[in-house]
1. Kindly state, to the nearest 0.05, the FRET efficiency for residue 110 paired with residue 151, given R0 = 41 Å and r defined as their beta-carbon distance.
2. Taking neighbour counts of Cβ atoms within 10 Å as a proxy for exposure, in what order, fewest first, do 181, 59, 97, 43 appear?
3. Report Rg/Rh for region 45-163, rounded to two decimals, where Rg is the Cα radius of gyration and Rh the Kirkwood radius.
4. Go ahead and run the numbers for FRET between residue 119 and residue 183, Cβ-Cβ distance against an R0 of 30 Å, rounding to 0.05.
5. What FRET efficiency do you get for residue 69 and residue 169 if R0 is 41 Å and r is their Cβ-Cβ distance, rounded to the nearest 0.05?
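Read-outs throughout are calculated quantities, based only on the coordinates presented, and are distinct from any laboratory measurement. None of the values given here were measured: they were computed from a predicted structure. With ideal geometry, Cβ positions are generated from the backbone for all residues, glycine too; neighbour counts draw on all protein chains shown.
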């Protein structure tokens, strides 16, 4: 019985050693992967299409806002009418207007939420072609520089996601150059080794 237990323990130790080995190899492989980061918002801000997109969004938002403002005006009138009727002592009429006001307020909240959703959807539709161009340029830059992953430096609200990273891993400017966008008063980003070799040839 003792021999059996010893053999069992040996097998368990062997499996444990193998498991630790696999984990260490995985960690080593992950650390070997090259990662870059880029500020998508900064790239979008210098895209030629950015101005037109913002103008179209402003026009679209104005149309959505008008419907919401019209409903708000109706609600304000109902509130004013409610106060007048209540002051006149017509409680029954005041209750009726109050119910109408509550329904208008419900419709206003729904319309406002729907407008926000429609505006976000419209923004996504207008940005999609531009984002596709940025992704293609980013892919070319990352491949040329030997990066396997590219992280977005900031989220949608402008909050930094990459807390720290070497300047050399920031490919924002390289992506802008790949897109063919010329920035006034700025030097071009250093060429990758592959690009340098091509120029020598």
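1. Values: r = 38 Å, r/R0 = 0.91.
It comes to 0.65.
2. Details: 181 13, 59 9, 97 19, 43 23.
The fewest-first ordering by Cβ neighbours comes to 59, 181, 97, 43.
3. 1.28
4. After rounding to 0.05, the efficiency reads 0.50.
5. Calculated value: 0.30.
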